[in-house]
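Trainee: Take a look at the following structure, please.
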Amino acid sequence: MQYPKHPRAENKSSQEADEITGETETEHLSDQGDPDRSRSPPKPSLAETPCPISSLPFELLHLILEYATPPNLFLNPSVGRGPSSAWCLALRQLKYFVLVSRWWREVSSDLLYCHVVIRRIVQLTALLRSLEANPKLGPFVRSLRITCFPPRGHGFDFEDQLNRVCALCTQNTHLILNHRSVPHYHDFPTIDGSILSSIVDLEIGWGSRFPPVISLLVHCKNVARLTINFQGAGRLDDIPAIQFPSLEELHCTCSPAGSELAVISRQWSLPRLRRFSISHQEPYILYKGYYSFLHEHGKKLTYLDISIWPFPNSLAFLDRGYRTIQQFLDLCSSLKHLVIIDCHDLGRLSHPTLEYLDIWRDFSGKELEDMTEIRLPSFSEKRLPSLRKTRLLHASLRDPFGDSTRLPILVPPDFVGDKDVEWSYPGLRILHSPTLMRP
């Protein structure tokens, strides 16, 4: 880029002028004496050509800003994390991008609106106002997470505004309904069926009464990933028959008995189900319902995640854990990827087709300080002939209520080769070595 000459530049010495122009007087005169060189001056190389960031192409600047933003997978928007959480810091950074200039606003607006989180009900009203005032913003939304608390008497307004926001987000395929409500004050919101038909990824949070949820699920014909928390849902004896022709992933948080799985294994049609995860909030579990579900759908599963949170400290569970896991494996003849918690005698597991094994472990600070103390379980080739990779996952990375339930899928064990990979952003640092993923 050429800048206008300052009036005082005339007084600069010839040496200073040479430093500015990058040439000597002899070279300049020789250029004038050579007609060929004067007609076709040498072009500067690409590395020598100044390129201010404001002149970058849209796609390149967008890619730079996208790489400067932490992956949504590692961000938890929970209010309890405080204003200094990685999610809050990332949101502020995206707001700063938009405020730099008009050009940056055009480039980064879709990054700001890509993953929308509503943590207070007034934010839903503000979002609706923004989307109606600027119709270009709605198509930027790719996921909408509702975690606010609809107070008593605002149920109708909440439902109306939610439907209007969803209608304006024409490209949204990910809907998370994890809002809290006082019992008997507010029913699960009714969402228009035409909106639900475009949802590919649906999450239903804790405490939602099941009959209203069922009325929502019957319209989700194109959903490919369903995450549902059955805790606090009440009686589930009247679950109707539902067809899920496109569902490939099912992530469930169940009651200790797991009776919900026994019911839906009979009532739900899941012809394309390939990935299934079970989460619990109790350390003592009865597995009868899980046997029923895996007996019905286990043969076609390629991914199985069995997790118990909070991390069990019961020695009784740790002692019998591998036997229960082996019984699950016997029902999943095509399994490729298994995710489990650490327990005794894992080396005795056997399966003919298992290729990847992820193990959640609750490490002590001393273990992380001295990496030589961290050892992987040993498995014999005779018991696991197809095993390609075993990885340890730090228990602190797992959030049963967040996107991290899919972490082993989105960041598979063979994600890294021989070198470490690190995600380092404000408020966030995650290290992935060939055998361990930890904060």
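Trainee: Could you list, in sequence order, all residues of region 251-262 that are out of contact with any helix residue (DSSP H, G or I) (no Cβ under 7 Å at 6 or more places or on another chain) and either modelled with pLDDT of 95 or more or open to solvent by 20 Å² or more (accessible area, probe 1.4 Å) (or both)?
Mentor: SER255, PRO256
Trainee: For the structure I just gave you, tell me whether TYR96 is open to solvent by 40 Å² or more (accessible area, probe 1.4 Å) and under 28 Å from LEU407 (Cα atoms).
Mentor: Working: open to solvent by 40 Å² or more (accessible area, probe 1.4 Å): yes; under 28 Å from LEU407 (Cα atoms): no.
It is false that TYR96 is open to solvent by 40 Å² or more (accessible area, probe 1.4 Å) and under 28 Å from LEU407 (Cα atoms).
Trainee: Please specify each residue of region 129-171 satisfying the condition of being open to solvent by less than 10 Å² (accessible area, probe 1.4 Å) and either assigned to a loop (DSSP other than H, G, I, E, B) or more than 20 Å from VAL223 (Cβ to Cβ) (or both).
Mentor: Selection gives LEU131, GLY138, VAL141, CYS148, PRO150, PHE158, CYS169.
Trainee: Evaluate region 202-215: report whether one residue or more is in a loop (DSSP other than H, G, I, E, B), modelled with pLDDT of 85 or more and more than 15 Å from ILE306 (Cβ to Cβ).
Mentor: Taking region 202-215 first, the residues in a loop (DSSP other than H, G, I, E, B) are 205-209.
Imposing the further condition that a residue be modelled with pLDDT of 85 or more reduces the set to none.
Looking through region 202-215, none of the residues is in a loop (DSSP other than H, G, I, E, B), modelled with pLDDT of 85 or more and more than 15 Å from ILE306 (Cβ to Cβ).
Trainee: Next up: Go through (1) surrounded by 14 or more Cβ atoms within 10 Å (Cβ to Cβ); (2) over 18 Å from LEU216 (Cβ atoms); (3) at pLDDT 95 or above; (4) under 20 Å from the mean Cα position of the chain (by Cα) and name the single condition SER85 misses.
Mentor: Exception for SER85: condition (3).
Trainee: Something else now. Could you give me the residue pairs with C-beta distances under 7 Å whose first residue belongs to region 189-206 and is surrounded by fewer than 19 Cβ atoms within 10 Å (Cβ to Cβ), whose second residue is part of a loop (DSSP other than H, G, I, E, B) and at pLDDT below 90 wherever it lies, and which are 6+ apart or on separate chains?
Mentor: Partner pairs satisfying both residue conditions: GLY193/HIS219; SER197/HIS219; SER197/LYS221; TRP206/GLN231; TRP206/GLY232.
Trainee: Out of everything in region 93-128 that is of a type in the set (A, V, I, L, M, F, W, C) and not in a helix (DSSP H, G or I), what residue ends up being farthest from THR69 (Cα to Cα)?
Mentor: Taking region 93-128 and keeping what is of a type in the set (A, V, I, L, M, F, W, C), we get 94, 97-100, 103-104, 107, 111-112, 114, 116-118, 121-122, 124, 126-128.
So of that shortlist, the ones also not in a helix (DSSP H, G or I) come out as 116-118.
Working: VAL116: 15, VAL117: 16, ILE118: 20 Å.
Across region 93-128, the extreme among qualifying residues is ILE118.
Trainee: Those residues that are under 28 Å from CYS88 (Cα atoms), in a loop (DSSP other than H, G, I, E, B), small (Gly, Ala, Ser) and open to solvent by 40 Å² or more (accessible area, probe 1.4 Å), I need them from region 384-436; list them, please.
Mentor: Listed by number, the list holds a single entry, GLY427.
The values are calculated or read from the model by the stated rules, or taken from the named source; none is laboratory data. Worth saying up front: this structure is predicted, and the values here are computed from it rather than measured. Neighbour counts are summed over all protein chains in view; Cβ atoms, including those assigned to glycine, are modelled from backbone coordinates with ideal geometry. Remember, those area values only see protein heavy atoms, side chains included, never the ligands or the DNA or RNA. Shrake-Rupley method; radii C 1.70, N 1.55, O 1.52, S 1.80 Å.
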